[in-house]
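Beneath this line is the structure, given in structure tokens, with notes to follow.
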Amino acid sequence: MTVSGLPSIVRDVLDLPPEASTFAYKIDTLHFAIIATTMVGSTSIFLVAVYFTLRYRRRSNVQLTEHIVTGLPLELLFIFGTLGLFLVWWAIGYHQYVDLEVPPKDALLVYVQAKQWMWKFTYPDGRSTNDVLVVPAGKNVRLVMGSRDVIHSFFVPAFRVKQDVVPGRYVTTWFHSDSPGTYPILCAELCGVDHSVMRGSVVVLGGEDYDAWLGQNVVGTGSTPLAGIGREAAVKHACVACHTWNGQRHIGPTWSHLYDSKVSLEGGKTVIADEEYLTRSMMEPGADIVATFPNVMPASYRYTLSQPDVAAIVEFIRSLENAPETQDAPLPAVEVREVADAGLPLGPPPGPHLPVPPAGRPDQEQQ
Amino acid sequence: MTTAPIAMEPSFVRSERTVASWLLTTDHKRIAVLYFVSVTFFLFLGGLFAMLIRIEHFAPGPTIVDAMTYNRLFTMHGVTMVWLFMIPSIPAVFGNFLLPIMLGAKDVAFPRLNLLSFYIYLLGAIVVMAALFMGSADTGWTFYQPYSAHSPSAVLPTVLGIFILGWSTILTGINFIVTMHTMRAAGLGWMRVPLFAWTMYGVSIIQVLATPVLGLSLSVVFLDRAFDWGLFDPSRGGDPVLYQHLFWFYSHPAVYIMILPAMGVISEVIPTFSRKNPASYKAIVYSTIGIAFVGFLTWGHHMFVSGMSIFDAGAFGILSMMVAIFSAIKTYTWVGTLYRGAILVSTPLVYAFEFLFLFVFGGMTGVAVATMSLDVHWTDTYFVVAHFHFIMVGGTLTAFLAALHYWFPKVTGRMYSEKWGLPAATLVFLGFFGTFFPQFLLGNAGMPRRYYQYPAQYQVLNVVSTVGAFALALGMIITFIYLTEALVRGPRAGNNPWGSRGFEWRTTSPPPTHNFTAEPDFKIGAYDYTVALPGELEEHREAGHA
């Protein structure tokens with residue numbers, strides 16, 4: 001299936017898994033180069049030592065030897081030759097690492113929740129799966145991951161991808177696979193007694209198979225798109241008392257056209273409003289305060305919002321990326337102090353006063 | 001017989017014979033022996049845990065223990081080997097014994113503090129053992145938060161024990177630093193000090209600077225658990241990744257606490273057995289200092305997938321390459337030392353050669369995992385397990401065994417049997433390689449570490465690894481037996497059986513309580529094989545050689 005790749009004999013000797021992502025071939029090539037150098041290097045040093053031992057055998061126990069000190073030029077040659085080699089490896093490795101760590105903009109998004117001892121995947125159309133991640137072949141896939149309890153690590157050997165999933169923060173990773181098939185997901189960070197059976201699989205489906213899977217009505221899930229769930233959660237937790245979703249300025253910044261935009265913060269810094277920023281703003285509202293807005297949010301929504309709610313609200317904000325805007329809808333009236341004090345759902349949700357966001361957003365990026 | 005006046009004084013072993021004279025001794029040599037007995041016990045205990053882990057992995061599913069016990073076993077294996085064996089092993093045993101002698105001193109700077117260090121070590125060890133009987137921790141030796149805050153196991157006493165052990169390490173470090181600065185014999189300038197003493201100095205600096213950070217991090221783990229402080233608890237605003245930074249700020253330099261002394265041993269063994277000066281004394285000294293310094297700046301390479309910023313990760317990657325170069329410098333120097341030497345193959349040298357191969361292999365795989373994109377695949381897999389065992393076991397343990405054989409006649413006055421030493425050294429090497437080389441491949445294949453059950457495709461390599469572990473264990477047991485036998489019945493070795501120029505050989509073997517009976521004569525350098533030692537040629541002729 002893999003078009004390019006290391007010769008299979010090399011992969012077999014190194015016992016490498018299939019090369020099922022666009023990273024794998026490049027990483028394996030560097031891997032092979034370094035490991036081959038390692039083996040040649042350690043063996044030659046050993047052999048040189050053995051050669052000297054045979055060549056300069058001791059003839060008498062009181063034998064004297066000359067005082068020989070390595071000259072500086074030879075030392076420098078060895079030092080900078082070796083260091084140069086190490087730095088070349090570092091440069092290539094760093095380049096690849098940046099590639100691994102920076103997801104492309106056009107990626108399909110899947111939310112991942114790790115907990116003892118399972119993986120839960122939630123797709124933008126609202127369906128979710130346990131321990132099985134279904135993705136299309138030939139597309140960039142980006143995972144936004146959070147943990148409900150301890151640190152886990154999302155590891156797909158066939159993709160050469162690994163990312164720690166740390167509770168209290170959201171991290172992203174991404175991959176692109178052109179090879180339909182099923183590949184194991186392993187948890188790589190000790191997370192308790194069943195760490196070794198916290199396994200799952202990625203199912204990479206070719207175009208038609210993936211469309212068929214999308215068309216399936218998954219039992220028990222999937223009736224409401226994730227953005228819709230997010231809208232309900234935002235109403236229920238009274239986010240919308242301060243944040244509008246039609247572009248109007250209210251107590252807090254509007255959510256419309258917020259996702260992926262450049263936000264100016266107090267103190268002159270700017271950030272891109274990506275998933276990490278959005279989740280951080282819920283977990284630690286005081287961390288990044290948007291310029292010209294007072295920070296009246298509760299200290300944290302950690303206890304208030306469940307992890308799926310957070311993912312759903314982020315997805316809802318994403319769905320408003322290109323939403324139509326108005327400036328004259330009535331704003332919900334809200335006592336700021338109450339919100340700041342409680343951080344819990346307020347009386348009647350202000351939802352009915354608000355314009356309904358355009359439908360059909362969630363699937364946008366899949367088309 | 002130039003040694004005649006010295007030989008009149010009883011050796012440190014025979015000077016006093018009561019049990020109290022051992023347990024309350026302030027003689028650095030006797031304290032070294034006390035440490036040796038303790039660390040050897042813990043080496044075999046840690047080895048026993050390792051064997052149970054390897055037997056468990058004979059088959060992919062449950063074999064001899066349950067999942068919780070398995071997690072406890074690898075935790076206890078790590079804790080025992082790191083803090084009870086490896087960190088004290090070479091410094092507290094050989095460093096204690098040799099540092100003052102190599103400097104021409106009567107003892108370390110603070111002999112009573114030295115004894116206190118030993119008893120703090122013993123107390124820490126007892127607390128850790130108590131934790132073992134209370135069910136032990138199951139968090140791995142890293143105690144990562146927030147799992148260690150919630151784990152249903154005996155984290156508290158384990159952490160407390162390690163905290164106590166840290167004090168012992170710090171006190172020994174201070175003692176060695178002051179000894180090195182103030183106790184050198186008249187005329188012994190810094191750049192004439194034996195290389196082993198230099199590495200003791202480097203390691204002491206790391207111990208004194210890094211161990212308090214470990215104590216601090218473990219105290220917080222302790223308080224978190226005991227009083228529910230939640231300092232690393234994300235649901236209360238804590239950051240579990242901060243714990244990792246603190247932990248590795250100590251634990252990466254700790255790697256150099258474990259390997260620098262090994263480098264010191266090799267730097268003594270190779271000149272002695274090739275009767276040659278080191279190819280560059282300065283290169284070894286400066287690279288020792290370099291490791292002690294740059295080793296503090298590389299901890300982040302343990303955390304490339306923890307979500308740190310790309311810039312930070314890049315900086316830690318490049319700094320890790322810098323620290324690797326110092327090890328490379330040493331390696332070239334050791335091999336260069338052999339050039340035009342007069343080389344005698346014997347057990348310590350064989351262990352030194354094993355060290356060369358395993359350390360270069362392990363070190364280069366360290367460079368490989370510092371190459372960040374590769375580390376993403378390898379971190380937390382068996383590749384990393386294999387890598388650090390190549391350094392810790394392939395490096396430190398072989399150097400420990402080299403030291404044990406090289407200085408056996410120095411400490412005991414008796415000689416072990418080369419007939420046993422050489423085959424045992426070979427078996428240890430083959431066993432080691434058989435145990436850990438397959439683990440590199442397991443890591444390539446993607447098997448995560450700390451896996452009680454593993455996918456069936458990994459079984460063949462696991463079985464090979466387990467068989468290797470049995471060979472390694474057999475080699476260690478054989479070594480234990482023939483050395484014990486030699487201790488009792490070995491032939492008298494004489495004062496300097498290797499004909500070494502090392503300063504520690506300029507007194508009797510075993511040395512008297514105050515190390516030297518006359519002012520030590522260090523006029524001939526510790527690596528000067530261009531001239532014969534006074535009396536050397538006469539002794540040689542008397543022994544019947546031409």
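For A:L265, the amide hydrogen comes within under 5 Å of the amide hydrogens of A:T270, A:V271, A:A291, counting only partners 5 or more places away or on other chains and with H modelled in the peptide plane. For region B:384-400, putting each phi into the Karplus relation 6.51 cos²θ - 1.76 cosθ + 1.60 with θ = phi - 60° gives couplings of 5, 4, 5, 4, 6, 6, 4, 6, 6, 8, x, x, 5, 5, 5, 5, 4 Hz, in residue order, rounded to whole numbers and with x for Gly and Pro.
Round to the nearest 10 and give me the degree value, 0 to 90, for the angle of helix B:418-445's Cα axis relative to the longest principal axis of chain B. For helix B:418-445, the angle is close to 20 degrees.
Report, please, the projected area of region A:78-144 averaged over directions, based on the convex hull of its C-alpha atoms, in nm². For the Cα atoms of region A:78-144, the hull's average projected area reads 7.2 nm². For the segment A:65-76, counting C-beta atoms of other chains within 10 Å of every residue's C-beta and taking the mean gives 6. First select every other residue whose beta carbon is under 15 angstrom from the beta carbon of A:P180; then total the charges, Lys and Arg +1, Asp and Glu -1. Once positives and negatives cancel, what remains is -4. A protection proxy built from the mean count of other Cβ atoms within 10 Å ranks the segments B:436-443, B:181-188, most packed first, as B:436-443, B:181-188. Relative to the longest principal axis of the Cα atoms of chain A, helix A:22-55 runs at roughly 20 degrees. Taking N as the residue count of region A:226-341, its C-alpha radius of gyration divided by 2.2 N^0.38 Å amounts to 0.98.
Cα extents for region B:312-364 along the principal axes, largest to smallest and rounded to whole angstrom: 48, 19, 11. For B:K330, a cut-off of 16 angstrom between C-alpha atoms picks up these aspartates and glutamates, skipping any fewer than 8 places away in its own chain: A:E75, B:E268, B:E354.
Legend: P(r) of region A:25-117 from all alpha carbon pair distances, 10 Å bins from 0, whole percents, reading 11, 23, 24, 18, 12, 8, 4, 1. Cβ-Cβ distance of B:K282 and B:S15, R₀ of 51 Å, FRET efficiency by 1/(1 + (r/R0)^6): the value works out to about 0.85. For B:K29, the lysines whose Cα comes closer than 17 Å to its Cα, not counting residues fewer than 8 places off in the same chain, are B:K106, B:K410. Residues whose amide H lies under 5 Å from that of A:A137, counting only those 5 or more places away or on a different chain, are A:L205, A:G206, A:G207; hydrogens are built 1.01 Å from N in the peptide plane.
Given R0 = 51 Å, the distance between the Cβ atoms of B:W190 and B:A226 translates into a calculated FRET efficiency of 0.65. Counting neighbouring Cβ atoms within 10 Å and putting the fewest first, the residues B:T172, A:T82 line up as A:T82, B:T172.
Inverting the pair-averaged 1/r between distinct Cα atoms of the protein assembly as shown gives 30.0 Å as its Kirkwood hydrodynamic radius. Distant-in-sequence amide contacts of A:I185, defined by a placed amide H-H separation under 5 Å and a gap of 5 or more residues or a different chain, comprise A:G200, A:S201, A:V202. With axes computed from alpha carbons, what is the tilt in degrees of helix A:72-101 against the longest principal axis of chain A, rounded to the nearest 10 within 0 to 90? That works out to roughly 30 degrees. Distance from the alpha carbon centroid of region B:307-345 to that of region A:185-255 works out to 47 angstrom. Computed from label points 7 Å out along Cα-Cβ, the spacing between B:H181 and A:T292 is 6.0 nm.
For a modelled paramagnetic label at A:D194, 7 Å from Cα along Cα-to-Cβ, the residues of region A:125-157 in reach, with backbone nitrogen under 15 Å, are A:130-132, A:148-150. With semi-axes defined as the square roots of five times the eigenvalues of the C-alpha gyration tensor, the equivalent ellipsoid of chain B measures 39, 25, 23 Å, largest first.
Computed over region A:108-214, the percent of Cα pairs more than 21 Å apart is 27.
Neighbour counts of C-beta atoms inside 10 Å place A:E275, A:E101 in the sequence A:E101, A:E275, starting with the fewest.
Based only on Cα atoms, what mean projected area does the convex hull of chain A have, in nm²? Present the calculation step by step, with values, prior to reporting the outcome.
Working: hull surface 111.0 nm².
Orientation-averaged projected area of the Cα hull: 27.7 nm².
Counting only DSSP H runs of at least 4 residues, each contributing -39500 (n - 2.57), and dividing by the residue count of chain B, the helix-based mean residue ellipticity at 222 nm comes to -21000 deg cm²/dmol. The lysines within cross-link reach of A:K120, meaning a Cα-to-Cα straight distance under 29 Å and a gap of 8 or more places when in the same chain, are A:K105, A:K139, A:K162, A:K236.
None of the figures in this text is laboratory data; all of them are computed from the coordinates on show. Everything numeric here is computed off the predicted structure, so don't read it as measured data. When we count neighbours, we look across all protein chains shown, and the Cβ atoms used for this are built from the backbone with ideal geometry, even at glycine.
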